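Everything below concerns the one structure shown next.
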């Protein structure tokens, strides 16, 4: 979905030719000048390096898992080509949930309390056994391989994989996100979104993202985005930020759960929501200050199964 949305948006920009790698098990993309087919037996990284070398600009879209996004980003920077995604330092930190937690705490940006799973297991007797906890892969993308439950359940789940996980107290409330663009400390929030998350016993699954369903929280999201931009002055590109919103004694509290240094599912509906081409905005970042045209905040539902409403 993200691939096709990006190709569609960039295809409307004059003087842009598009090259896209394609896993041959997936449908071939449209709105593309050249499709590079990749089979199981091919050397994926060799092909990506060849295509990076042939391009003028590269937009990596990849999961943080196993350092994939970081490696791709480094390849683009080392090639000297125009990188349309976040730079290596941002991907290194925000692609790692533990480094993200430390970065946010260091800059006094509100976030969920987090523990390395190994440390949490060693001290689990000291933690509240009456609440639920959630374990996440340190470099995971989306809700993959998460565990949700009480202390006893997580202790069992983490027995053989604790070195790859962190643990947080599970936070009730509203699940939200916002899309942002950043350049040299300047930031713009593009949409304020509600995440529709289904709980399936001990797991969570993102079902849909509703762009601009949380506009009443836009001032708080803009403040958080500004704090993120200030915390990393060289920040560049598009990011999706996951936020948990809680009400406590009549006050609203915000905690950042995740910062995704790449395009996110929300991008699929962003053109329709903004009534402006987000690819043009992204491309302009490389050539000028962050001065975007006026854009709308229409409400758009992106279903994970592929429907756009």
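The values are calculated or read from the model by the stated rules, or taken from the named source; none is laboratory data. Since we're looking at a predicted model, the values are computed, not measured. Virtual Cβ from ideal backbone geometry, glycine too; neighbours counted across all protein chains shown.
For residue 124, work out the one condition from (1) crowded, with 17+ Cβ neighbours inside 10 Å; (2) modelled with pLDDT of 95 or more; (3) more than 30 Å from residue 212 (Cβ to Cβ) it doesn't fulfil. Unmet for residue 124, out of (1) crowded, with 17+ Cβ neighbours inside 10 Å; (2) modelled with pLDDT of 95 or more; (3) more than 30 Å from residue 212 (Cβ to Cβ): (2).
Listed by position, the helices (runs of 4 or more DSSP H) inside the range 32-95 whose residues that are within 16 Å of residue 20 (Cα to Cα) and out of contact with any helix residue (DSSP H, G or I) (no Cβ under 7 Å at 6 or more places or on another chain) number at least 3 are 44-54. For the range 148-180, name all the residues that are crowded, with 23+ Cβ neighbours inside 10 Å and not in a helix (DSSP H, G or I). Result: 165, 166, 167, 176, 177, 178, 179, 180. Against the condition in contact with a helix residue (DSSP H, G or I) (Cβ under 8 Å, 6 or more places away or on another chain), surrounded by fewer than 21 Cβ atoms within 10 Å (Cβ to Cβ) and in contact (Cβ under 8 Å) with a residue 40 or more places away in the chain, how does residue 185 come out, does it pass? In short, yes. Screening residue 298 on (1) surrounded by fewer than 16 Cβ atoms within 10 Å (Cβ to Cβ); (2) in contact with a helix residue (DSSP H, G or I) (Cβ under 7 Å, 6 or more places away or on another chain); (3) in a strand (DSSP E or B) shows it passes everything except condition (3).
Kindly indicate the residue of the range 52-67 that is closer than 25 Å to residue 15 by Cα and under 24 Å from the mean Cα position of the chain (by Cα) and also surrounded by the most Cβ atoms within 10 Å (Cβ to Cβ) among those meeting that condition. Among those residues, the one meeting the criterion is 60.
Checking each residue in the range 265-293 for being part of a loop (DSSP other than H, G, I, E, B) and modelled with pLDDT of 95 or more picks out 275, 276, 277.
Table: residues versus (1) assigned by TED's automatic domain parsing to the domain that holds residue 67; (2) more than 19 Å from the chain's Cα centre (by Cα); (3) surrounded by fewer than 23 Cβ atoms within 10 Å (Cβ to Cβ).
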position: 255; (1), (2), (3): no, no, yes
position: 261; (1), (2), (3): no, no, no
position: 268; (1), (2), (3): no, no, no
position: 287; (1), (2), (3): no, yes, yes
